[in-house]
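The values are calculated or read from the model by the stated rules, or taken from the named source; none is laboratory data. Please read all numbers here as calculations on a predicted model, not as lab measurements. With ideal geometry, Cβ positions are generated from the backbone for all residues, glycine too; neighbour counts draw on all protein chains shown.
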Amino acid sequence: MVSGLLVNAYLAVVARNLTPAEYGYFGAFWSLSLLVGFGAFLPVEQELARLSPVAAMGAATRVALGLAVVELLFVAAASPVLLDALGGRPWAVVAVGALCLVSAGQFLVRGALIGGGRLAWHGGLLVVDTALRVLFALGLGFAVVTDSAGFAWTLVAAIALAHLPVLFLLPRTGSGGVTTAEFLRSALPLLLGSVCAQLLLNGLPVVVAATATDSAAAGRFLAAFLLVRVPLFVAVPLQTALLPSLTKLSQDGGLGRALARLTAALAAFGLVGAVAAGLLGPWLVRLVFGDSYVLAGGDLVLMAIGVTAHLGLIVTTQALVASALHAKVAWAWLAGIAGAAATFAVVPDLLLRAELSFLVGSGLGWAVGMFLLITTGEDRRARRPGHRVDLLRALRVRADQLRQGRR
């Protein structure tokens, strides 16, 4: 929670030191940073947390470095397009490339801490990272830097300083650990889903910045969108930490009941969030980002409902991972991307199409994920690649369920 608030403080500091048009370019960089970071390396973190660092650290490191190299090649090939989206700032494009490298270390550290049961260290590292971002942004503000590319490098520096020193303290895999091929087979379906997830969550600001005829309007949309997404700043970094609990619920047969209760809680949260966004949202956006950032309450209501749907989608896809249904994760996120793209294509107004695309895409992906989880069965064990299922335990679980009158 502290880290999520600090992220919002960081973005507010940047916004107050840039014009809305310049902040629109920074917003495009921010979304790209999440795409090359969370999008590519979250599957590495998830599998490392699920398999434990002792068994999979070596394989995870090799996969992460390979993904970083592939990302660098994509950034180099797409540099002309990225240059346009980032306002013609070459150093901002270089910062995207640097993030490809530092993000590999960042997510290796996070996955190893979660897999080793060191959640307090994991949370503390998130706070250190985001606090450094705020300090670096304040320093540039005092130096009267008004270029979005300069603030882009505050993100690179904070991630590197917070995570890379810890990387050298992590355990190394001994003999008999998970092989690179086994790790990659488990991570690839999650990679497709993770990239789609970041496209759905963070692709819209990039598209808005690239297609808007009014760059100031794109900056105002980004400011409001970032503020409404505060719950996601907490949920997205911590989604991997849900895996141990969800895996136990899946093995014990209680995952369905837990998700039903969660759905009811999210519905109540969405209702309260929508009312608060409509009544207080415009005032709060001006308070945090400044008087230059004004958006109607109706726009913020649509964003708030979309955030609620996205929270449900995140938890559902983590439940699929916990149930060893990795391929189904990709289908859920692909459905969300398809819904968002179709909505963006048919709605004429730029801001309305962006808001509805996020809402429809997240809601459709959530519904598809729940359908796949229910129809496939929640009682499949999450199992490590290369290891056989413990048949005796599976039979015992089934026998207990039959004795309780459950199929």
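The table below gives the values:
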| item | result |
| --- | --- |
| Helices (runs of 4 or more DSSP H) enclosed by segment 66-160 - at least 3 residues per element that are surrounded by 20 or more Cβ atoms within 10 Å (Cβ to Cβ) and touching an Asp or Glu at 6+ places or on another chain (Cβ under 9 Å) | 90-115 |
| Some residue of segment 253-268 being closer than 20 Å to LEU350 by Cβ, crowded, with 17+ Cβ neighbours inside 10 Å and at pLDDT 75 or above | no |
| Residues located in segment 4-46, provided they are over 19 Å from GLY203 (Cα atoms), small (Gly, Ala, Ser) and either touching a Gly at 6+ places or on another chain (Cβ under 9 Å) or buried (at least 24 other Cβ atoms within 10 Å of the Cβ) (or both) | ALA12, ALA15 |
| Filter result for THR316 (assigned to a helix (DSSP H, G or I), among the β-branched types (Val, Ile, Thr), crowded, with 20+ Cβ neighbours inside 10 Å and within 15 Å of the chain's Cα centre (by Cα)) | yes |
| Within segment 45-83, tally of residues that are modelled with pLDDT of 90 or more, closer than 27 Å to TRP121 by Cβ and hydrophobic (A, V, I, L, M, F, W, C) | 5 |
| Failed item, numbered, when GLU355 is tested on (1) closer than 22 Å to SER194 by Cα; (2) surrounded by fewer than 23 Cβ atoms within 10 Å (Cβ to Cβ); (3) modelled with pLDDT under 90 | (2) |
| Residues that are aliphatic (A, V, I, L, M) and modelled with pLDDT of 90 or more, drawn from segment 93-112 | VAL93, VAL94, ALA95, VAL96, ALA98, LEU99, LEU101, VAL102, ALA104, LEU108, VAL109 |
| Qualifying residue in segment 6-24 (condition: assigned to a helix (DSSP H, G or I), within 21 Å of ALA143 (Cβ to Cβ) and of a type in the set (Lys, Arg)) | yes |
